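The values are calculated or read from the model by the stated rules, or taken from the named source; none is laboratory data. Bear in mind that the values here come from a model prediction, so they are computed numbers and not experimental data. A quick note on method: Cβ atoms are made from the backbone with ideal geometry, for glycine too, and the neighbour counts reach across all protein chains shown. Only protein heavy atoms, including side chains, enter the accessible area calculation; ligands, DNA and RNA are left aside. Shrake-Rupley method; radii C 1.70, N 1.55, O 1.52, S 1.80 Å.
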Amino acid sequence: MFFSENVPEEGADPQQSLGRQFPGRAPTMREGGRGNSGSSSYRCSLAVLLVSFLFPRTCGRDASRPNILLIMADDLGYGDLGCFGNDTIRTPNIDQLAKEGVKLTQHIAAASLCTPSRAAFLTGRYPIRSGMAATTERRVIARAGGTGGLPTNETTFAKLLQKQGYATGLIGKWHQGLNCESRNDHCHHPLNHGFDYFYGNPYTLVNECHSNKNPELTSKFQPSYSFYAQIIALLVFTLLLEMFRGTSSHGLYGDNIEEMDWMIGKILAAIDKEGLRNSTFTYFASDNGGILEARDGNVQLGGWNGIYKGGKGMGGWEGGIRVPGIVRWPGFVPVNMVIDEPTSLMDIYPTVAYLAGASVPQDRVTDGKNQLALLQGATQHSEHEFMFHYCGTHLHGVRWHQKESGALWKAHYVTPNFTPEGAGACYGTRMCPCSGESVTHHNPPVLYDLSRDPSEANPLSPSSEPLFNTIVSQIERAVEEHRKTLTPVPNQLDLPSNQWDPWLQPCCGIFPFCWCDRESSNDDH
């Protein structure tokens, strides 16, 4: 299952596309909008529900073949939850989930942006292996009317479990592409990636609701367009958010998190009501860290990443890739346990495959690790030794978990130049770039010991760390071996795949006055 607590992508507009999919029926898409509030170009969005489920078709209460519930938030900062140190936002349901299971304090995303991170989560592979990593700064699926997306030859965990007799579904944000050659082929749609059911947003919170116009060409109309759309949407959602609006001390973003927590509580209560608690493997995480550049003046509109440096869009800094992680499976994993070992969002892939009795594909590299033994306390160390931190296709950093010593080294080969100078983010460009004049290359790399310096505040040197050269040499050898495993694949996020093609643009409009529905004979309403 996925839940999303969204902050818009760069250039976001308060529209989103809603897609619907039922087994055995033609692809359906409905377009709608949710309102944002704020005067800057970044606005806190209202909560968007994202849900995916994986249930055995034959026996939903059989713990040997558990139900699998995966919940993923969007742009949720590491420090936004009570169980991860926040004492000003109330998240009792997520906090209780952590008490009833295992909390992962070193849970790492494979990318610091949603499209590549979610691709890695779905496939258990670094996004560079599937072509879901960009060479340019357009690092996410930028248009609903484009050809790029998660390749159909990639095998998601949904495909694996579907073959094992599981009913699979996804509700919420997809952002893995939609069409290839026509508005009707839906080649990248969740139903073509192993999901029996989909109801949600095939794109993300960016205005794409023009079937015959390139949204980029109408940019001069965006201020007034955005204003009126916000007014309409806010009228609709004021009623929905009245239990939550103004309830937190962090504006709409904090209200949003508290609403998300409430929704998660409802889902968990439904599981309990059906008697499925003990036979359900439940997982919660965020796709990447909070966006620091989302600000209105000096007011932070995005997430808080706790003590960790950097945020969304930054390839190597902890704030963009370290995310909250929680696993609950009563009777099978301990309660109220904390695991400080390195784990990855990609680990869900081989772990749930194992739980379902499926085998991971042997014809490709899988980077995620089956962490069930670690979750159950049967082993003390993670399966991960080296983890690679990309910004698009550019390798920015590498972490090395030196198990015998307990040290956790991280080397930065490239870091973004924060603007203005001395700031903690790229406020001048709204999101940190991966390459070019706005980054600094380090030779030798900047080295930290995260076990002693998790905030990455005190870089090591040959004079302060006697093993500096040995550590760097070991990491560089790992990088060489890793690069040998990479093979060229078509890039899905570069041009021309990630450009607007009018013939692929879904028909949609401003909620609630216009939408499209592939189940009806009339696309425009």
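Distance from the Cα centroid of region 419-444 to that of region 315-375 is 31 Å (rounded to whole angstrom). Look at the Cα gyration tensor of region 421-494: its axes a ≥ b ≥ c give a/c of at least 1.5 with a/b at or below b/c, and that counts as oblate. Stokes-Einstein, applied to the Kirkwood radius of region 142-191 over Cα pairs at a viscosity of 1.567 mPa s and 4 °C, places its translational diffusion at 109 µm² s⁻¹. Dividing the radius of gyration of the alpha carbons in region 53-182 by their Kirkwood radius gives 1.01 for Rg/Rh. Find the percent of Cα-Cα distances in region 305-371 that exceed 15 Å, and round it to a whole number. For region 305-371, the fraction of Cα-Cα distances above 15 Å is 66 percent. Just the Cα atoms of region 264-394, one point each, no solvent: what log10 I(q)/I(0) does Debye give at q = 0.09, 0.13, 0.14, 0.17 Å⁻¹? Rounded to two decimals, the profile gives -0.35, -0.71, -0.81, -1.08. Taking packing as the residue-averaged number of other Cβ atoms within 10 angstrom, the listed peptides 318-331, 262-275 run from highest to lowest as 318-331, 262-275. With the simple model of a label 7 Å out from the Cα in the direction of the Cβ, residue 407 to residue 152 spans 5.0 nm. Reachable lysines from residue 159, Cα under 24 Å, same-chain residues fewer than 8 places away excluded? Counting by Cα, and skipping residues close in sequence, residue 159 has these lysines nearby: 173, 369.
At full extension, residue 381 and residue 485 could sit 35.0 nm farther apart than now, given 0.36 nm per residue minus the alpha carbon distance. Mind checking the log10 I(q)/I(0) for region 334-475 at q = 0.15, 0.18 Å⁻¹? Debye, one equal scatterer per Cα, no solvent, two decimals. These q points yield log10 I(q)/I(0) values of -0.93, -1.14. Scoring 177-184, 67-74 by mean Cβ neighbours within 10 Å over their residues and listing the highest first yields 67-74, 177-184. In the full protein context, region 110-212 carries 24 Å² of accessible surface per residue, based on a 1.4 Å probe and ignoring ligands, DNA and RNA. Region 277-294 and region 81-97 have Cα centres spaced 13 Å apart.
By how many nm would the segment from residue 443 to residue 455 grow when fully extended, if each residue of separation counts as 0.36 nm and the alpha-carbon distance is taken off?
2.2 nm
Take the solvent-accessible surface of the protein heavy atoms, probe 1.4 Å, and return the percent of it on region 255-408 that carbon and sulfur atoms account for.
Carbon and sulfur atoms account for 51 percent of the accessible area of region 255-408.
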